[in-house]
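The values are calculated or read from the model by the stated rules, or taken from the named source; none is laboratory data. The shown structure was predicted, so the numbers you read here are calculated from the model rather than taken from an experiment. Here the Cβ positions follow ideal geometry from the backbone for every residue, glycine too, while neighbour counts run over all protein chains shown. To get the accessible areas, we keep the full protein, side chains included, count just its heavy atoms, and leave off ligands, DNA and RNA. Shrake-Rupley method; radii C 1.70, N 1.55, O 1.52, S 1.80 Å.
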Amino acid sequence: MEAEGPQGLSDLCLAQVCRSLDSLCSRRADGSMSLSWAPLFPQEMADQLLRKMATAGILNDTTVGIFRNCKELRLRRASIRCCPVSADAFCLALCPHRLQELDASWVPGGLTGANIVAGMASNLECRSSLQRLSLNGLRLDWESLEEDGGVRVGFSSLQGLRTLNLANTDLSDAALEDICTLPQLETLDISCSAVSNLTALLECKNTLRSLIAHRLRQLDMSPARLLFVLSQLHALKHLDFSNDHFAVDDNDGRDGDETVRQLLEGSPQVLPSLVSLDISGRKRVNEAAVRVFVEARSGLVFLGLLATGVSSCAVLSSQENLKVTGEANENQVCEALRRYRDRECFTREALVHLYNLTTDIDKPRPDMLQLVLSGMQSHPTSLHVHLVATACAFNLTTQDLAESMPVSLITSAVTQLLYAMKTFPGHQQVQKNCLLALCSDYILQDVPFDKYLAATLVINWLSSHEDLTLQRMAVAVISILVAKLSTEQMAQLSKDVFIMKQLLAIVQQKAMVGVVDSTLKFALSALWNLTDEMPAAARNFIECHGLELYEEVLESYYTEPSIQQKVLGLLNNIAEVEELQADLLEEDLLEHVLSLLQDSQVEVGVRYFAGGILAHLTSRPEAWTLEEELRTTILKQMHTSIMTWTQLEREMVSYRSFRPFCPLLQTRQPSGVQLWAVWAIHLVCSQNTSHYSGMLEREGMTELLKALAAHPDTHTDIKGLSETILGMVEQHQSHSGAFSNQTGPRNS
């Protein structure tokens, strides 16, 4: 129901605006866009439009120009996160607005923190209105800020700031001193910055409520001095002094750990308001210190202990309202994945523990899967994260688990797995994890995702790996995916000779030792599907010497109907292509196919495809290059053989269209050719009337069948089958019409 509510509708409208920007806008002299006509947007809608453009990946110097019109499009909460917006475009489009919040984290290119601070300070309203500013991942370039009327422009110019995020920046001690003079500063994130001294924090000790200081690599303070500064922050409720436990060269490691130990064991009068402490990654924490700290602070609601080795401390389980990140149990691990999504070191650590928790999982956990996907999305280039995350995704979707989760979630999971395959093509374990997860009948058959991309990625993987178990799975996946592709996608795939060579190599590898296994069967099925009404693929097959190989397979697997059927099915596809028929006109090959057609001990499925090859090749007397006597024998034996076939109950073949049957149904054709075609149509129609009766109508087949049934020279066997097919189509149409009359709308 949520998707049908107002938020869903506004999202649809904004998405449409994003798609239609070119037609809705004119261009200024500098190339930037301007809305040709704009109503007065509701203020929140302007914020949402900017955010939508950013998340859709279309926000840049050109498109951000529409926000220069700050009368109709009034921004308050602006996000240009990760968008390529230059300093000039930023100043022209965003600085005139009376912003309350700005997120310019990880903006690529030349935009610096100094550009943003100077731009915001140039708007007198912003100096007091801007409350939240995030410059995570930017170069601050603090020294470039110039004086304005004798007063240096700095963060302190933005007097309304309450929340400031400067994580992953070149923040200096001098800039921190300037920041700490802000009169209303409540939340400060200086994680992974270049700060070496935190003494400046004493300037805001009465306002600062949250300090995030994760992995301060250049911090140079004694434990005693650092603890003194922290102890003076009387208003502090949230302190994050965690560390990247993978780092071995950090100067802050030992001193920071000692500060944490002293804080834990110290008096509760130090930081009396503290309700949240994160010390994850600190290597020298002990359980006794944690117990002392927790027992002394009844108001504690969060404690970060991931990668400290003490998250199984008994005192933690007795605190009902205390949330903990750690590895002692499922709740701690999931809490870590939720809280540390943006921190690669902790995401990786939590995923390792989640993998262990999910190895033998037997209940669907969509909540866990969502956490895994969020971690992958937050760290798209991290091999460490994807290596463990893809293994977790397999654990969480294996067997029947995927079927019990929302389809949209499984689609997202497969999309992320494909992204991992594409991003880390050379990493065997990542590829293996993804392949294992993909190899699921439910996922391949019922879940919507980019099957063309999946097919190409799995085929590429196949070329460089020889693990027999994984090879079997890869070929199985390809076989199913190829059958699911659209005609356009198949046409694209069929042009790739590399794919043909890969699959033929597997067939040859199996045929050389005469083995019959699922890998061989899947490879043959994939080749069969790949050449279905795809002349380019059929041509590639011949050019890759597939014909010679298939002739050998026909001979050596004479007693294997499942193999024979797939081989003849592909040769049938080639026989449908007029310009390739000459390649099949080999006397030995045709006599072998004819022997299969005539042998009453051979399964009807095999004889059916043998008949198809012969029907197509004998339907064009002008192209026949062998002895005429052979063609006459084939035509006679076809009619005789087909009349002995019993109707098949199981579905043996499916057709994309009936177009290849058109030449075979002409009244001038010999009865053997006509009979095979009508028998084939009757077979699939009787098995799936609703699907094929519509196809017959659309492609003009019913008219051909009517002409065939009415022609005086048509054999009675063919007339009878033609009339039966037409009867099935008529009955289905009659039934469908009656049903739609019953259920359709009525006039009152």
Next on the checklist: Step by step: first the residues of the range 592-608, then only those that are in a loop (DSSP other than H, G, I, E, B) and touching a residue at least 24 places away in the same chain (Cβ under 8 Å), then the one that is surrounded by the fewest Cβ atoms within 10 Å (Cβ to Cβ). Which residue is that?
Outcome noted: Ser600
Checklist outcome for this item: Here the qualifying pairs (Cβ atoms under 8 Å; residues six or more apart or on different chains; first in the range 31-49 and in the same structural domain as Asn69 (by the TED database); second among the aromatic types (Phe, Trp, Tyr)) come out as Ala46/Phe67; Leu49/Phe41
Checklist outcome for this item: When Phe394 is run through (1) touching a strand residue (DSSP E or B) at 6+ places or on another chain (Cβ under 8 Å); (2) of a type in the set (Phe, Trp, Tyr); (3) open to solvent by 10 Å² or more (accessible area, probe 1.4 Å), the failure sits at (1)
Checklist entry - Of the residues Ser122, Ser23, which is open to solvent by 50 Å² or more (accessible area, probe 1.4 Å), polar (S, T, N, Q) and under 21 Å from Cys13 (Cα atoms)? => result Ser23
Checklist entry - Inside the range 305-319, can you point out the residues that are more than 15 Å from Asn286 (Cα to Cα) and surrounded by 16 or more Cβ atoms within 10 Å (Cβ to Cβ)? => result Gln319
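Scan the range 27-50 for residues that are open to solvent by 50 Å² or more (accessible area, probe 1.4 Å), of a type in the set (Gly, Ala, Ser) and closer than 13 Å to Phe67 by Cα and report the count.
Selection size over the range 27-50: 1.
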Checklist entry - Looking at Asp450, is it closer than 24 Å to Glu533 by Cβ and either among the charged types (D, E, K, R) or in contact (Cβ under 8 Å) with a residue 12 or more places away in the chain (or both)? => result yes
Item to check | Within the range 156-174, considering residues that are of a type in the set (Ser, Thr, Tyr) and closer than 19 Å to Ser210 by Cβ, the one surrounded by the most Cβ atoms within 10 Å (Cβ to Cβ) | outcome: Thr169
Checklist entry - Any idea which residue in the range 56-71 is surrounded by the fewest Cβ atoms within 10 Å (Cβ to Cβ), counting only those that are outside any helix (DSSP H, G or I) and not small (Gly, Ala, Ser)? => result Lys71
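Yes/no matrix, rows are residues, columns are (1) modelled with pLDDT of 95 or more; (2) polar (S, T, N, Q); (3) closer than 25 Å to Met534 by Cβ:
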residue: Leu648; (1), (2), (3): no, no, no
residue: Trp679; (1), (2), (3): yes, no, yes
residue: Leu683; (1), (2), (3): no, no, yes
residue: Asn688; (1), (2), (3): no, yes, yes
residue: Leu696; (1), (2), (3): no, no, yes
residue: Glu699; (1), (2), (3): no, no, yes
residue: Asp713; (1), (2), (3): no, no, no
Next on the checklist: Among (1) over 23 Å from Asn395 (Cα atoms); (2) out of contact with any Asp or Glu (no Cβ under 9 Å at 6 or more places or on another chain); (3) buried (at least 18 other Cβ atoms within 10 Å of the Cβ), there is one condition Met490 misses while meeting the rest; what is its number?
Outcome noted: (2)
Checklist entry - Does Cys91 fit the bill of being touching a helix residue (DSSP H, G or I) at 6+ places or on another chain (Cβ under 6 Å), of a type outside the set (Gly, Ala, Ser) and part of a loop (DSSP other than H, G, I, E, B)? => result no
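Which is open to solvent by less than 30 Å² (accessible area, probe 1.4 Å), among the aromatic types (Phe, Trp, Tyr) and under 22 Å from Leu396 (Cα atoms), of Tyr340, Tyr355?
Residue meeting the stated conditions: Tyr340.
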Next on the checklist: Only one of Ala536, Ala523 is aliphatic (A, V, I, L, M) and open to solvent by less than 20 Å² (accessible area, probe 1.4 Å). Can you tell me which?
Outcome noted: Ala523
Checklist entry - Given the conditions (1) within 30 Å of His379 (Cα to Cα); (2) open to solvent by 10 Å² or more (accessible area, probe 1.4 Å); (3) basic (Lys, Arg), which single one is not true for Arg282? => result (2)
Next on the checklist: Taking the conditions exactly as written (assigned to a helix (DSSP H, G or I), open to solvent by 30 Å² or more (accessible area, probe 1.4 Å), touching a residue at least 12 places away in the same chain (Cβ under 8 Å) and within 26 Å of Ser311 (Cβ to Cβ)), does Glu403 satisfy them or not?
Outcome noted: no
Checklist entry - Among (1) at positive phi; (2) free of Cβ contacts under 8 Å to residues at least 40 places away in the same chain, where does Glu533 come up short? => result (2)
Next on the checklist: What's the number of the only condition in (1) over 19 Å from Leu188 (Cα atoms); (2) under 35 Å from the mean Cα position of the chain (by Cα) that Ser134 fails to meet?
Outcome noted: (1)
Checklist outcome for this item: Scanning the range 160-190 for residues that are hydroxyl-bearing (Ser, Thr, Tyr) and within 41 Å of the chain's Cα centre (by Cα) gives Thr163, Thr169, Ser172, Thr187
Checklist entry - Taking the range 434-460, which residues are within 23 Å of Cys392 (Cβ to Cβ) and open to solvent by less than 10 Å² (accessible area, probe 1.4 Å)? => result Cys434, Leu435, Ala437, Leu438, Ile443, Leu444, Val447, Ala454, Val458
Checklist entry - So which of Val388, Val372 ends up being part of a helix (DSSP H, G or I) and open to solvent by less than 20 Å² (accessible area, probe 1.4 Å)? => result Val372
Checklist outcome for this item: Quick count over the range 704-725, residues being surrounded by fewer than 19 Cβ atoms within 10 Å (Cβ to Cβ), touching a Leu at 6+ places or on another chain (Cβ under 9 Å) and in a helix (DSSP H, G or I), is 6
Item to check | Considering residues of the range 320-337 that are of a type outside the set (A, V, I, L, M, F, W, C) and in contact with a Leu (Cβ under 7 Å, 6 or more places away or on another chain) only, the residue surrounded by the fewest Cβ atoms within 10 Å (Cβ to Cβ) | outcome: Glu330
Item to check | Subset of the range 537-552 [in contact with a Ser or Thr (Cβ under 8 Å, 6 or more places away or on another chain) and either more than 22 Å from Leu462 (Cα to Cα) or among the polar types (S, T, N, Q) (or both)] | outcome: Asn540
Checklist entry - For the range 539-561, what are the residues that are in a helix (DSSP H, G or I), of a type outside the set (A, V, I, L, M) and open to solvent by less than 30 Å² (accessible area, probe 1.4 Å)? => result Asn540, Phe541, Gly546, Tyr550
Checklist entry - Tell me, which residue of the range 643-672 that is part of a loop (DSSP other than H, G, I, E, B) and of a type in the set (D, E, K, R) is surrounded by the most Cβ atoms within 10 Å (Cβ to Cβ)? => result Arg656
